[in-house]
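Engineer: One structure follows; several queries about it will come next.
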Ligand code: CP
């Protein structure tokens, strides 16, 4: 059983499928009147967020409360981080306050690995997004959503063998793209990444993907899902494309492109969306869109991750 969840690159196919199957059990619980499990009663988990978040932070909190854990929400804004306190001293302080698990989002790639690998704290660490490196629970909830939509009630025990997923946009800055590339590959999917040359990172030629720049050419082939990525303006210190209009024309899911897509192609986005830039409202709000399903499934996947890591089992009691 895993001790931490730091990346999807290190996750085996069987571990990933076991987590997705446990998330299926959590979804069954989520449909009950009483959605809670006593599994983490008496355990305290801190959500240590050094970057803003809506979906990830709140869905981790919902997941922790459904597992009966006590929850501490820590935002760097408003904490002693603003007085210069280091990550090490912050975590040593939390250790003394008696936390049993840490969920961390940090702007520096590798911060969760530091917590897990140094002796600062000896509790499970879950990466909730580190810099441009990885966002493993996002990729797991994306895979869960894909598996459910592509395989229906027959999803358990299966990967995504043969599915074609197209990831479009700001690959350069995207930890969501990186986690998805590794996880989708482990699960047997075929991945195409599409972006302007400037938004493909150096080294991507060694990823298990096809790299393309012409979105219209890619969308004319058989595609099971199109995952549009947010343009991460806050991480751009230079111009990666001429302007928003030209970006939308070249790499946005515009109404014209959406109209040409097969009605079976799923529309995905990790959120938050820049409507009108990387995705039009007609696509985001369409019946093909699974964007809100992704949000709902985030709770089940995060419950599965915390449950598996903190109880050491993936078997979920039925009552
Ligand atoms: N997808 C995602 O990580 O969204 P938040 O930044 O709102 O958590």
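Values in this text are rule-based calculations from the coordinates and carry no lab data. On a predicted model such as this, the values are computed, not experimentally measured, just so you know. Note that each Cβ is placed from the backbone with ideal geometry, even for glycine, and that neighbours are counted across all protein chains shown.
Engineer: Between the stretch 278-305 and the stretch 110-138, what's the alpha-carbon centroid distance in Å?
Structural biologist: If you average the Cα positions of each part, the centres end up 24 Å apart.
Engineer: Using a 10 Å cut-off around each Cβ, can you sort 144, 241 from fewest to most neighbouring Cβ atoms?
Structural biologist: With the fewest neighbours first, 144, 241 line up as 241, 144.
Engineer: Among 229, 29, which comes first, then next, by fewest other beta-carbon atoms within 10 Å? Could the numbers behind the result be given before it?
Structural biologist: Values: 229 27, 29 19.
Result, fewest neighbours first: 29, 229.
Engineer: Find how much the distance from residue 235 to residue 31 grows on full extension, using 0.36 nm per residue of separation minus their present alpha carbon separation; answer in nm with one decimal.
Structural biologist: Numbers: separation 204, 0.36 × 204 = 73.44 nm, distance 3.85 nm.
Stretched fully, the residue 235-residue 31 segment lengthens by 69.6 nm.
Engineer: Just for the chain, what percent of DSSP beta bridges are antiparallel, to the closest 5?
Structural biologist: 5
Engineer: To the nearest 0.05, what FRET efficiency results for residue 262 and residue 79 with a Förster distance of 41 Å applied to their C-beta separation?
Structural biologist: Efficiency, from the Cβ-Cβ distance: 0.30.
Engineer: What is the pair-distance distribution P(r) of the chain, computed from all Cα-Cα distances in 20 Å bins starting at 0, with each bin given as a whole percent?
Structural biologist: Going from the shortest bin to the longest, the percentages are 33, 57, 10.
Engineer: Evaluate the relative contact order of the chain (contact order divided by residue number), counting alpha-carbon pairs under 8 angstrom at least 6 apart; express in whole percent. Write down the numbers at each step before the final one.
Structural biologist: Working: 588 pairs, mean separation 72.3, N = 319.
23 percent.
Engineer: Could you work out how much longer the chain between residue 198 and residue 10 gets when fully extended? Use 0.36 nm per residue separation minus the Cα distance between them, nm to one decimal. The partial results should precede the final answer.
Structural biologist: Numbers: separation 188, 0.36 × 188 = 67.68 nm, distance 2.76 nm.
Fully extending the segment from residue 198 to residue 10 adds 64.9 nm.
Engineer: May I ask you to order 192-204, 281-293 by the average number of other C-beta atoms within 10 Å around their residues, highest value first?
Structural biologist: Numbers: 192-204: 17.3, 281-293: 15.8.
In decreasing order of mean packing, 192-204, 281-293 become 192-204, 281-293.
Engineer: Here is a further query. Which FRET efficiency value, to the nearest 0.05, do you get for residue 211 and residue 285 by plugging their Cβ-Cβ distance into 1/(1 + (r/R0)^6) with R0 = 22 Å?
Structural biologist: Values: r = 30 Å, r/R0 = 1.36.
Efficiency computed from Cβ-Cβ geometry: 0.15.
Engineer: Once you've got the GNM for the chain with C-alpha springs shorter than 10 Å, pick whichever of 228, 273, 26 has the biggest mean-square fluctuation.
Structural biologist: Its mean-square fluctuation being the largest, the pick is 273.
Engineer: How would you rank 50, 307, going from fewest to most other Cβ atoms within 10 Å of each one's own Cβ?
Structural biologist: Working: 50 20, 307 25.
The fewest-first ordering by Cβ neighbours comes to 50, 307.
Engineer: For helix 291-311, report the angle its Cα long axis makes with the longest principal axis of the Cα atoms of the chain; keep it between 0 and 90° and round to the nearest 10°.
Structural biologist: Taking the Cα atoms of the chain, the angle to 291-311 is about 30 degrees.
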